[in-house]
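J.: Right, I'll just put the structure down here and ask away after.
A short reminder: the numbers here are calculations on the coordinates, not readings from a lab. Remember, predicted model here, so these are calculated numbers, not experimental data. No Cβ is skipped: glycine too gets one built from the backbone with ideal geometry, and neighbour counts run over all protein chains shown.
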């Protein structure tokens, strides 16, 4: 099923992974928590979102800017109230970036984030603009704690061998790659047709089919003003 808003910000995930998770850990939300909100509607579990770039002051500033530009545009006000409404109780926003083991309090490691969930059945959503490569090996090393993953991978031409190794290692351990979508905000490399930004979905509980077409019927182009990329999967 598709979780999150239309176009950029939505991902395809297995319903069975949603049902079998007892915590959603989200890395990178910016000003969009539609994925987290939709996930919680289907399974009202703990949600922990990491993003040091988002805070109440930044939302308030955006609200003021949007209001000055257009007094009839209530986008900023709606976002501010949406943030206050969603992030409360068992839904937490932690103002930290993920990926670095450093003394800087604005950063944390993947293991620290997983320990925040007390080693429960974690579903991971990862969209952190290229920092994901810092902890792909840590995801593999802790795969037994993970029910499913959606991850956006950037600069795929530079990191292709690392991506291939990551997929193979997870597949060996029962977290299978079940969906691929190309982000059409990024270009395609002409010599081999490689999209430079890919969105991958991994599942531990999905039922499999040998019949598929990409993009999936539930996929949407990230950039609504451009066509989605067709993908050809080779063995």
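J.: How do 126-137, 213-224 rank on mean C-beta neighbours within 10 Å, highest first?
T.: 126-137, 213-224
J.: Over the range 1-132, what is the mean sequence separation of C-alpha contacts under 8 Å (at least six apart), divided by residue count, expressed as relative contact order in percent? Write out the running numbers ahead of the final one.
T.: Numbers: 201 pairs, mean separation 38.1, N = 132.
Relative contact order, the range 1-132: 29 percent.
J.: Taking every DSSP beta bridge that has both residues in the range 2-108, what percent is antiparallel when rounded to the nearest 5?
T.: Once the DSSP bridges in the range 2-108 are tallied, antiparallel ones form about 15 percent.
J.: So how far apart, in nm, are the two label points at residue 162 and residue 67 if each is 7 Å from Cα heading toward Cβ?
T.: If labels sit at residue 162 and residue 67, their model points lie 4.3 nm apart.
J.: On to the next question. From the square roots a ≥ b ≥ c of the eigenvalues of the alpha-carbon gyration tensor of the range 82-199, which class results: rounded (a/c under 1.5), prolate (a/b over b/c), or oblate?
T.: Numbers: a/c = 1.76, a/b = 1.47, b/c = 1.20.
Judged from the Cα gyration tensor, the range 82-199 comes out prolate (a/c at least 1.5, a/b above b/c).
J.: Report the label-to-label distance for residue 80 and residue 106 in nanometres (one decimal), using points 7 Å from each Cα along the Cα→Cβ vector.
T.: Placing both labels 7 Å beyond Cα along the Cβ direction yields 2.4 nm.
J.: Additional query: Write down the percent of antiparallel bridges among all DSSP beta bridges whose residues are both part of the chain, to the nearest 5.
T.: On the way: 17 of 38 bridges.
Among the beta bridges of the chain, antiparallel pairing accounts for roughly 45 percent.
J.: Classify the range 138-225 as rounded, prolate or oblate from the Cα gyration tensor: take a ≥ b ≥ c as the square roots of its eigenvalues, call it rounded if a/c is under 1.5, otherwise prolate when a/b beats b/c and oblate if not.
T.: Oblate.
J.: With springs only between Cα atoms under 10 Å apart, run a GNM on the chain and tell me which of 47, 140, 150 wobbles the most.
T.: Its mean-square fluctuation being the largest, the pick is 140.
J.: Once Rh is set to the Kirkwood radius over Cα pairs, what Stokes-Einstein translational diffusion coefficient, in µm²/s, holds for the chain at a temperature of 37 °C and a viscosity of 0.692 mPa s?
T.: Details: Rh = 18.6 Å.
For these conditions, the coefficient is 176 µm²/s.
J.: Just need the relative contact order of the chain here, percent rounded to a whole number, with Cα pairs under 8 Å and 6+ apart.
T.: Relative contact order, the chain: 20 percent.
J.: Could you tell me the center-to-center distance, by alpha carbons, between the range 83-156 and the range 188-235 in angstrom?
T.: Each part reduced to its Cα centre gives a spacing of 23 Å.
J.: Nearest 5 percent is fine: what portion of the DSSP beta bridges confined to the range 110-221 is antiparallel?
T.: 75
J.: Which order, highest average first, do 176-189, 85-98 follow once you tally other Cβ atoms within 10 Å for each residue and take the mean per peptide?
T.: On the way: 176-189: 18.1, 85-98: 15.6.
Highest to lowest by the protection proxy: 176-189, 85-98.
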